[in-house]
Amino acid sequence: MKRPPRRWLLWGALLLLVVLLLGVLVFLAAEYEESRDQEALERDAAALAGDIRSGLVRNVQTLQALHSVAPTAASWQDPAAELLEQHRELVRLEWRDAGLRLLAERDSSYVSDLYGQMARTQALPDVRQACESAQRVSGPSFSPSYFWPMSSGLGMELMEMCLPVVRAGAAEGYLVATYALPGLLSELTNKALLRNRGLAFTEVDGTRLALHSTVSGSRSLQVASALLDLPGHTLMLRLESPRRVVGLFPNVLTAVVGALSLALLAVLVLLGRDMRRRQRAETEVAEALAFRKAMENSLVTGLRARDMNGRVTYVNPAFCQMVGFSASELIGSGLPAPWWPPELVNEYQQRQAVRLAGQVLPREGYESVFQRKDGTRFPVLIIEAPLIDAQGTQTGFMSAILDLSEQRRVEELNRASQERLQATARLATVGEMASLLSHELNQPLAAIASYASGSLNLLDDADAPPDLLRQAMQRVSEQAERAGRVIKSVADFVRRREQVREAVAPADLLEAILPLLGLQAKKLGIRVETRIAPGCPAVLCDRTMVEQVLLNLARNGMQAMPEGDPPLASGLRSIQIHIAPRRAQSADGEPLRKTWVEFAVTDHGKGLSDEVREKLFTPFFTTKAEGMGLGLSLCRTVIEQHGGALTFEPAQPRGTVFRFTLPGV
């Protein structure tokens, strides 16, 4: 067999090399175009994720504005329905309180019978999770998506968004918005980027959650994924596109011209971007200057800038109005300043010299006196700070001046008003003391008069035993001492002084008032029954005032049973005083360690009408012709000062029971 010439072998090798080079070029061109297409697809996926994210942010702003136009549940319905009509990605809006109880709700008209298969309560764990996250971050938060079956046999992937509702700085619950994932894909994405492409939400493992569109045909696909990172949850966005047919790589001239054209276009783009940036910067500077000017003109605080030599470099309108000089008269003026009072010029110049020497005055400011152009003086508060330029060098001082004229006037009015209030309070204290003394002294004085009358009767009776007369005079002395204690206790009570409290046995309290009760009970034909529970502890109280409370309640009870009133089945009219310990309980029913002693005074009179019950403790309200209407009001105040409570309730079969508690020892 004849061997091929060596030359053809070389040409074959060269041809093979060219073919390989062309193949590599075609492969590289295809890979380049494929990678470029893949990058474009990934950018489009990121853009679509950005569109959805921006749409959700706009929806949050819209939902926040919903509660500003609809502050109540009744007015909330129509704006919510209008919002659902405009945003098809939303299938339900709910307004819930801080405990996630439903205040108002609205379903989208585009989704019929959404909760026909399952109740809304099945989604409450996702709502609660989103709202707890929203409360922690003080902003909107999303729940993980979940599949919601529908009565049509299909279903929909839903996601909850919870937004705290705050109005005037106070929390008013949460706004819960239910999103449909297919609605997010169809309503919040750029339709131009989805032509002949497939778009879906997927799990991390590729499981499809919601589908918007698919790629027709069976050609190979390019796939790009983008994360949609939301507060509280993250979704995976999947974008599919058919692979394009790769063409031949362009020739060098086309590539060079194209590169130059792209370079020129890039230069023009850079120039245009630079011009836009410069215009934007100029606009921002102009807006900042306009904003600062508007802010300076709206201030009521005077602003003044001075250089290191004390010359004025800037004043705002408030300062000009304050001193009565125009800005042109003040700017450039030096020391002494035009607003300095002539007699204080030396003092102010010394202060200025200290400041210029580097010893800056306190940051909290200092008070001074200025003089207006018309010569009137007014107090001011000056707060100064160093004026630093862009290079960090101090160029002067910036001062904020507050006019204190109105504050001084208000302080003077407050001082005068306080003096008038104190005088009125002293007069009211005197009147209260006189009223209480006249009420509380009736009982000991009446007892003194009764014992004195009995003593005179004993003196007229020659056969009366001396011991009985001595006992009567001793009772007169005791009641006189009691009147003195009442005067002292009432005075301390009215002046709100700290009363001297002591541990007193309940039996001693009853023993002190029984002689007085016995006199009135005997006169009215009423029996006084007392009962003290065994083991009853002593009470910590102001003895005199508590005795007066018991005496007032018992006397009121006897006066509620007038002579001739039908007696009970026993045939006897009686008033009962029962004393027993009572252990207080906490809110959960557990007994507390502190022990209270309950005093119960029961009469069997006609009872209290509804009108009397409403006004029973009102000062100066009384049902007795000779009464002053201060007894029960005083009793309740005394018991409350001891930490207890005075209550009343109907007695059985008739009458009224007054109960009050005192702390046990």
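The values are calculated or read from the model by the stated rules, or taken from the named source; none is laboratory data. Model, not experiment: these values are computed from the prediction. Positions of Cβ are generated from backbone atoms using ideal geometry, with glycine treated the same way; all protein chains shown enter the neighbour counts.
A few remarks follow.
- Which listed residue is closer than 20 Å to Asp37 by Cβ, assigned to a strand (DSSP E or B) and of a type outside the set (A, V, I, L, M, F, W, C), from Ser225, Ser216: Ser225
- Ala584 falls short of the stated requirement of being surrounded by fewer than 16 Cβ atoms within 10 Å (Cβ to Cβ), modelled with pLDDT of 85 or more and either farther than 28 Å from Leu616 by Cβ or under 52 Å from the mean Cα position of the chain (by Cα) (or both).
- Taking (1) at pLDDT 85 or above; (2) touching a Phe, Trp or Tyr at 6+ places or on another chain (Cβ under 9 Å) in turn, Ala73 satisfies each apart from (1).
- Of the listed requirements (1) at pLDDT below 80; (2) touching a His at 6+ places or on another chain (Cβ under 6 Å); (3) under 23 Å from Ile579 (Cα atoms), Ala600 misses just one: (1).
- Counting the residues of segment 73-113 that are out of contact with any Asp or Glu (no Cβ under 6 Å at 6 or more places or on another chain), buried (at least 16 other Cβ atoms within 10 Å of the Cβ) and over 19 Å from Glu172 (Cβ atoms) gives 7.
- Close pairs from segment 326-338: first assigned by TED's automatic domain parsing to the domain that holds Arg351, partner charged (D, E, K, R), Cβ under 6 Å, at least 6 apart: Gly334/Arg311
- Note on segment 125-146: residues that are without any contact (Cβ under 8 Å) to a residue 40 or more places away in the chain and over 26 Å from the mean Cα position of the chain (by Cα) total 3.
- Residue in segment 191-208 that is surrounded by 11 or more Cβ atoms within 10 Å (Cβ to Cβ), at pLDDT below 85 and touching a Gly at 6+ places or on another chain (Cβ under 9 Å) present: no
- Ala119, sole failed condition from (1) without any contact (Cβ under 8 Å) to a residue 60 or more places away in the chain; (2) aliphatic (A, V, I, L, M); (3) touching a Lys or Arg at 6+ places or on another chain (Cβ under 6 Å): (3)
- Here the condition is being within 30 Å of Gln222 (Cβ to Cβ) and surrounded by 15 or more Cβ atoms within 10 Å (Cβ to Cβ); of Ala49, Ala70, it holds for Ala49 alone.
- Taken over segment 229-239, the residue count meeting the criterion of being part of a strand (DSSP E or B) and surrounded by fewer than 21 Cβ atoms within 10 Å (Cβ to Cβ) is 6.
- Test: Leu114 is under 16 Å from Leu163 (Cα atoms) and among the hydrophobic types (A, V, I, L, M, F, W, C): no
- Residue-level check: of (1) part of a strand (DSSP E or B); (2) of a type outside the set (Asp, Glu); (3) crowded, with 16+ Cβ neighbours inside 10 Å, Pro379 misses just (3).
- Per the listing Thr207, Thr178, Thr214, the residue uniquely closer than 21 Å to Gln86 by Cα and in the same structural domain as Cys131 (by TED's automatic domain parsing) is Thr178.
Every residue, every condition in (1) in contact with a Pro (Cβ under 9 Å, 6 or more places away or on another chain); (2) more than 18 Å from Val380 (Cβ to Cβ); (3) exposed (fewer than 14 other Cβ atoms within 10 Å of the Cβ); (4) at pLDDT 80 or above, yes or no:
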{"site": "Thr313", "(1), (2), (3), (4)": "no, yes, no, yes"}
{"site": "Asn316", "(1), (2), (3), (4)": "no, no, no, yes"}
{"site": "Phe325", "(1), (2), (3), (4)": "yes, no, no, yes"}
{"site": "Gly332", "(1), (2), (3), (4)": "no, yes, yes, no"}
{"site": "Leu335", "(1), (2), (3), (4)": "no, no, no, no"}
{"site": "Leu344", "(1), (2), (3), (4)": "no, no, no, no"}
{"site": "Glu347", "(1), (2), (3), (4)": "no, no, yes, no"}
{"site": "Arg363", "(1), (2), (3), (4)": "no, no, yes, no"}
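- Counted as qualifying within segment 155-209 are the strands (runs of 3 or more DSSP E) with 2 or more residues that are in contact with a Pro (Cβ under 6 Å, 6 or more places away or on another chain), namely 155-167.
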